[in-house]
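Take a look at the structure set out below.
The values are calculated or read from the model by the stated rules, or taken from the named source; none is laboratory data. Only a predicted model underlies this, so the values are computations on that prediction, with no experimental measurement involved. Note that we place each Cβ from the backbone using ideal geometry, even for glycine, and neighbour counts take in every protein chain shown.
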Amino acid sequence: MSDANVKARKDGEYLSTLARGLSVLRSFTKEQPEMTLSEVAKATGLNPAVARRCLHTLVELGYVGRQDKRFLLTPEVMGFASAFLESMNLEEVVRPYLQEVRDQTGDSSSMAVLSQHDILYLVHVSTNRKIRLVAGFGTRFPAYPTSLGRVLLAYQSEDRIESYLNSVKLQKFTGKTVTSRSELRKILGNCRRAGFGSVQDELDYGIVSVAVPVFGGHGEIIAAINCSTATTRINQEEMVETRLPLLRQAAKHIEAELQQYPVLMHSIESAAV
C-alpha cells in the first residue's frame, strides 16, 4: 500500500485526489520531460483512468501542456516556486553568507534539505567554472553520494537512517560511488562524529565537496550547506582543511539569521520532517 493510501485511510482531512494530482506533476523529470498517458500512469502508479482525469484537470488549469499524445509541464508551475521564494525571504537571509563563502574560495556554495531519498537545493551560488552537473533552486540529487546528503542523513534518528538505507535504490554513478549499505552506515556515523561530510568523484568524476549541518532552534538539523568545486583545483584533504572553517562560520550566521525569521525557520523545519 502506498504512503498516500495509508494517510488517506488514517486521516479524514487528507485529499487523495489532490495527492494524485501532485504526484502527476512530480512525475515529469529531466529524463522524462514529455510523457504519454500510459507513461504517466506507470510513473505514478495510478490507474490510467485516474491519471487521465488528473492530466485533463492540470491541462485545464494551465500547469500541463499537450503536444499530440504527449504531455509536458508548462512554465506556470514556476508560480509555486516563486511564491515560496517571495514569501519566505530565503534568498535575502541565506544567500549573503553563501556568497561570502564563494567569494573567499572561488567554489560554488549551496544550501539543501532532505526530501525523501534526495537532497533538494534551496539556494545555490555558482561560479563561472564549467562542470557537468548544474545545480540551482529546486535541483534534486540522490542523497547518499553527496556531501550535503550525507550530512543531512547523518543527523537523522537511527530508525530514519535504517528506513532510508532499506528503501533507497543504490546505484553507481561513478566507479567510486559507495553503494554498500554497511559502508554507508559507517560513513554516516563518522560524518556525525566529525560534524561534516566530504565526497569526491562519487556523484560525478571531477567534483569534490564538503558540507556542514545547519541546526534549528531546538538543536535538530534542518538543512546543510556546502562548498563544491573541481578536483583539478583542489584535492579532498585540502578542501576539508581550508573550507570547513568557513562553512562552519557561515552555518552559525545562517542559524542566527533564521532565528529572526521564524516563518522561514518553520518552513524549512517542516521540509526536514
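Numerical summary
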{"item": "Residue 146 being in contact with a Lys or Arg (Cβ under 7 Å, 6 or more places away or on another chain) and either more than 20 Å from residue 117 (Cα to Cα) or of a type in the set (S, T, N, Q) (or both)", "result": "no"}
{"item": "In region 46-99, the residues that are of a type in the set (A, V, I, L, M) and assigned to a loop (DSSP other than H, G, I, E, B)", "result": "46"}
{"item": "Qualifying position, being at pLDDT below 90, more than 30 Å from residue 255 (Cβ to Cβ) and hydroxyl-bearing (Ser, Thr, Tyr), among 44, 29, 57, 74", "result": "29"}
{"item": "Residues (of a type in the set (D, E, K, R) and closer than 21 Å to residue 158 by Cα) located in region 190-248", "result": "192, 193, 220"}
{"item": "Residue in region 124-139 that is surrounded by the most Cβ atoms within 10 Å (Cβ to Cβ), counting only those that are modelled with pLDDT under 90 and in contact with a Lys or Arg (Cβ under 9 Å, 6 or more places away or on another chain)", "result": "127"}
{"item": "Total residues in region 16-45, condition part of a loop (DSSP other than H, G, I, E, B) and small (Gly, Ala, Ser)", "result": "1"}
{"item": "Number of positions in region 61-76 that are farther than 22 Å from residue 38 by Cα and in contact (Cβ under 8 Å) with a residue 12 or more places away in the chain", "result": "1"}
{"item": "Test: residue in region 229-236 that is surrounded by 21 or more Cβ atoms within 10 Å (Cβ to Cβ), among the polar types (S, T, N, Q) and either out of contact with any strand residue (DSSP E or B) (no Cβ under 8 Å at 6 or more places or on another chain) or in a strand (DSSP E or B) (or both)", "result": "yes"}
{"item": "Residues of region 205-228 that turn out to be in a strand (DSSP E or B) and either loosely packed, with under 15 Cβ neighbours inside 10 Å or small (Gly, Ala, Ser) (or both), as a count", "result": "5"}
{"item": "Options 183, 202, 162; residue that is surrounded by 18 or more Cβ atoms within 10 Å (Cβ to Cβ) and either at pLDDT 95 or above or part of a loop (DSSP other than H, G, I, E, B) (or both)", "result": "202"}
{"item": "Residue within region 245-254 that is touching a strand residue (DSSP E or B) at 6+ places or on another chain (Cβ under 6 Å) and of a type in the set (Val, Ile, Thr) present", "result": "yes"}
{"item": "Residue pairs meeting the criteria (Cβ under 6 Å; at least 6 apart or on separate chains; first farther than 15 Å from residue 267 by Cα, in region 78-96; second surrounded by 14 or more Cβ atoms within 10 Å (Cβ to Cβ))", "result": "95/123"}
{"item": "Failed condition for residue 41, given (1) in contact (Cβ under 8 Å) with a residue 40 or more places away in the chain; (2) over 16 Å from residue 138 (Cβ atoms)", "result": "(1)"}
{"item": "Where residue 180 falls short, out of the listed (1) under 11 Å from residue 151 (Cβ atoms); (2) out of contact with any Ser or Thr (no Cβ under 9 Å at 6 or more places or on another chain)", "result": "(1)"}
{"item": "Region 100-112, residues that are surrounded by 14 or more Cβ atoms within 10 Å (Cβ to Cβ) and part of a helix (DSSP H, G or I)", "result": "100, 101, 102, 104, 105"}
